[in-house]
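Here's the structure, in structure tokens; my notes come after.
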Amino acid sequence: MYIFQEITTLKAHLQKIREQGQTIGFVPTMGALHEGHLSLIEQAKQHSDVVVCSIFVNPTQFENPEDLKKYPNALEDDTEMLIKIENDVLFTPNVEVMYPEGVEREKPYDFGWVASTLEGSHRPGHFDGMAQVVKRLLEIVEPDKLFMGQKDFQQQLIVRNLIEFMGIPTELHRCPIIREENGLAMSSRNRRLNDYEIAEATQISKALFRIKRLISEQTIADLKSEAIANMERNKLLKVEYLEIVDAKTLKAVERYEKGMELLVCTAAYLGPVRLIDNVLIG
Ligand code: AMP
């Protein structure tokens, strides 16, 4: 595996790949890799000749400095995992490389409702920072294809808008959520949970899948309040939001009709650890 910390050397390497007529697939991550990340790399391998994975914990998308400080760092293990699955290129820039003029959040584009609702309303500025770094990474890597997870559904939707608005010539692939056997969506943040908390965290996906099962049998209002009550039955879990929205517009849906494409999504705290999850209906 080729490993680059600098933009110029990475770009020179990728230029050679392009000149050989090979396509580039790109998987941006913040590291602390798990099976979810690896599934994106597998997808990228299937759809492109050369796969670039980046690991960069982007400071401008953290609105809470404590959260940034506590974000797991496991570069050595990550590198080993990537070598093992035969990833082609790893890009691990530091903050100075990505922000040579100093760390400052920029707003690349006003995404409107899709960025201000759900995660956007609870993490102000988060999506601006995320879009800022994804735009920079896309300018550096210039991938033919970009692979992002459904796990961060709203992020993926915003990046889709960004690509369209900026006319960036890359094709975005949305990849399914990889879960533990107990249903818990894999996340780098799960590393901060003990066994008891992990058992509790499984209530999140249980609540989402219950809604999916019962969507045509109960009202949306009842489904939402029961889901929140189930999740909060044990006092450890605190729901920040749980919403049932149109999967394209992210507007709340009040009544289910057959054929609708819905996103059931939630964010919940287990102590200081914030977890998100979602399921798609239709
Ligand atoms: P992160 O390192 O959390 O920024 O995630 C990097 C990419 O991996 C994003 O596109 C995520 O949506 C995706 N991802 C994170 N967790 C999972 C998962 N459990 N299954 C599939 N993709 C995931």
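The values are calculated or read from the model by the stated rules, or taken from the named source; none is laboratory data. Everything numeric here is computed off the predicted structure, so don't read it as measured data. Quick reminder, even Gly has a Cβ in these numbers, built from the backbone with ideal geometry, and neighbours come from all protein chains shown.
Taking region 63-99, which residues are aromatic (Phe, Trp, Tyr) and at pLDDT 95 or above? First the steps, then the outcome.
Our first condition is that a residue be aromatic (Phe, Trp, Tyr); within region 63-99, this holds for 71, 91, 99.
Once the filter is applied, which keeps residues that are aromatic (Phe, Trp, Tyr) and at pLDDT 95 or above, region 63-99 yields 91, 99.
Just checking: which of the helices (runs of 4 or more DSSP H) contained wholly in region 133-247 hold 2 or more residues that are within 16 Å of the ligand (Cβ to nearest atom), modelled with pLDDT of 95 or more and surrounded by 16 or more Cβ atoms within 10 Å (Cβ to Cβ)?
Hits in region 133-247: 153-166, 195-214.
Tell me which residues, restricted to region 74-97, are in a loop (DSSP other than H, G, I, E, B) and surrounded by 14 or more Cβ atoms within 10 Å (Cβ to Cβ).
Here is the first cut: in region 74-97, the ones in a loop (DSSP other than H, G, I, E, B) are 74, 85-88, 92-94.
Correct list: 74, 85, 87, 88, 92, 93.
Looking only at region 264-281, how many residues end up being of a type in the set (A, V, I, L, M, F, W, C) and under 15 Å from residue 121 (Cβ atoms)? So that I can check it myself, show each step before the final result.
Step one: of region 264-281, the residues of a type in the set (A, V, I, L, M, F, W, C) are 264-265, 267-268, 270, 273, 275-276, 279-281.
Then drop every residue that is not under 15 Å from residue 121 (Cβ atoms), which leaves 265, 267, 276.
Final tally of qualifying residues: 3.
Please tell me if residue 22 is part of a loop (DSSP other than H, G, I, E, B) and over 22 Å from residue 129 (Cβ atoms). Can you show your working first?
On the way: part of a loop (DSSP other than H, G, I, E, B): yes; over 22 Å from residue 129 (Cβ atoms): yes.
So residue 22 fits the description; yes.
Looking at 45, 69, which one is assigned to a helix (DSSP H, G or I) and farther than 25 Å from residue 174 by Cα?
Values: 45 fails: farther than 25 Å from residue 174 by Cα.
Sole residue among the options that is assigned to a helix (DSSP H, G or I) and farther than 25 Å from residue 174 by Cα: 69.
Can you confirm whether region 114-121 contains a residue that is in contact (Cβ under 8 Å) with a residue 40 or more places away in the chain, within 14 Å of the ligand (Cβ to nearest atom), outside any strand (DSSP E or B) and hydroxyl-bearing (Ser, Thr, Tyr)?
no
For region 26-40, indicate whether the set of residues that are more than 15 Å from the ligand (Cβ to nearest atom) and not small (Gly, Ala, Ser) is non-empty. Spell out how you get there, then give the answer.
First, the residues of region 26-40 that are more than 15 Å from the ligand (Cβ to nearest atom): none.
Checking region 26-40: not a single residue is more than 15 Å from the ligand (Cβ to nearest atom) and not small (Gly, Ala, Ser).
When you check residue 19 against the structure, is it modelled with pLDDT of 95 or more, more than 10 Å from the ligand (Cβ to nearest atom), of a type in the set (Asp, Glu) and surrounded by 13 or more Cβ atoms within 10 Å (Cβ to Cβ), yes or no? Talk me through it step by step, then tell me what you get.
Details: modelled with pLDDT of 95 or more: yes; more than 10 Å from the ligand (Cβ to nearest atom): yes; of a type in the set (Asp, Glu): yes; surrounded by 13 or more Cβ atoms within 10 Å (Cβ to Cβ): no.
Here the answer is no, as residue 19 does not meet what is asked.
Condition first: touching a Phe, Trp or Tyr at 6+ places or on another chain (Cβ under 6 Å) and within 18 Å of residue 167 (Cβ to Cβ). Now tell me which residues in region 95-149 satisfy that.
109, 141, 143, 146, listed by residue number.
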